[in-house]
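Undergrad: Questions regarding the structure given below will be posed in turn.
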Amino acid sequence: TELVFGWRTPALLHPDTPTLDLVSAVLSSGRASRLFRGVRERRLASAVSSANYTPTDLGVFTLHLTARPERAVSAARAAWDQVRCVREGAVTAIEIDRARRVLEASWLRRFETVEGQANHLASWELLGDWRQGGAYLDALLSTDASRLAEVAQRYLAPELGALVVYR
């Protein structure tokens, strides 16, 4: 069974987007992430992920789970419980710091090749100014727990989301 939760989010250049990317990292980046520990480690799902996809003027935040049919409801509840915890501000400074390091490392790996540097500059220049990339990273790295909860409350509310279940 495939389960996908989804919420609309703002475009890449919106001030809340770096925070939403950090929310996604807290939820699903690595074995220390909330979804891994709260869903996958409990064997409610065989795969868990989240992403804040912001290609143009509209974004979408998703949680994706793969679970056995008999565990799908439990997996969905456990995943929602992790989102609820983020919305309520239960994310620790250690979790935020770890997620920041994961995202910063990914960001820096782009600069290891000339092609990566060119893609970075071209992408941000296409959005208006290559320097916006640095501002985005600064915003991401300066996000704290209260801002994380505030943005999660604004965008990841149950009444704003949708759930697709494919069996």
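The values are calculated or read from the model by the stated rules, or taken from the named source; none is laboratory data. If you're wondering where the values come from, they're calculated on a predicted model, not measured in any experiment. Positions of Cβ are backbone-derived with ideal geometry, glycine not excepted, and every protein chain shown enters the neighbour counts. Side chains included, ligands, DNA and RNA excluded: accessible areas come from the protein's heavy atoms. Shrake-Rupley method; radii C 1.70, N 1.55, O 1.52, S 1.80 Å.
Undergrad: Return yes when GLY59 is in contact with a strand residue (DSSP E or B) (Cβ under 7 Å, 6 or more places away or on another chain), more than 17 Å from ALA90 (Cα to Cα) and surrounded by 20 or more Cβ atoms within 10 Å (Cβ to Cβ) and no when it is not.
TA: It is true that GLY59 is in contact with a strand residue (DSSP E or B) (Cβ under 7 Å, 6 or more places away or on another chain), more than 17 Å from ALA90 (Cα to Cα) and surrounded by 20 or more Cβ atoms within 10 Å (Cβ to Cβ).
Undergrad: Let me ask another. From the set of residues in region 62-74 that are open to solvent by 40 Å² or more (accessible area, probe 1.4 Å) and of a type outside the set (Val, Ile, Thr), which is nearest to VAL102 (Cα to Cα)?
TA: Applying the filter and picking the extreme gives HIS64.
Undergrad: Shifting gears a bit: Would it be correct to say that GLY6 is assigned to a strand (DSSP E or B) and out of contact with any helix residue (DSSP H, G or I) (no Cβ under 9 Å at 6 or more places or on another chain)?
TA: Yes, satisfied.
Undergrad: Being within 18 Å of GLU95 (Cβ to Cβ) and in a strand (DSSP E or B) is the filter; apply it to region 40-50 and report the residue that is nearest to the chain's Cα centre (by Cα).
TA: Looking at the filtered set, the residue picked out is SER50.
Undergrad: Take SER24 and decide whether it is part of a helix (DSSP H, G or I) and open to solvent by less than 30 Å² (accessible area, probe 1.4 Å).
TA: yes
Undergrad: Select, from ARG77, ARG84, ARG37, ARG31, the only residue that is free of Cβ contacts under 8 Å to residues at least 40 places away in the same chain and either in a loop (DSSP other than H, G, I, E, B) or open to solvent by less than 20 Å² (accessible area, probe 1.4 Å) (or both).
TA: Just a single option satisfies the conditions, and that option is ARG31.
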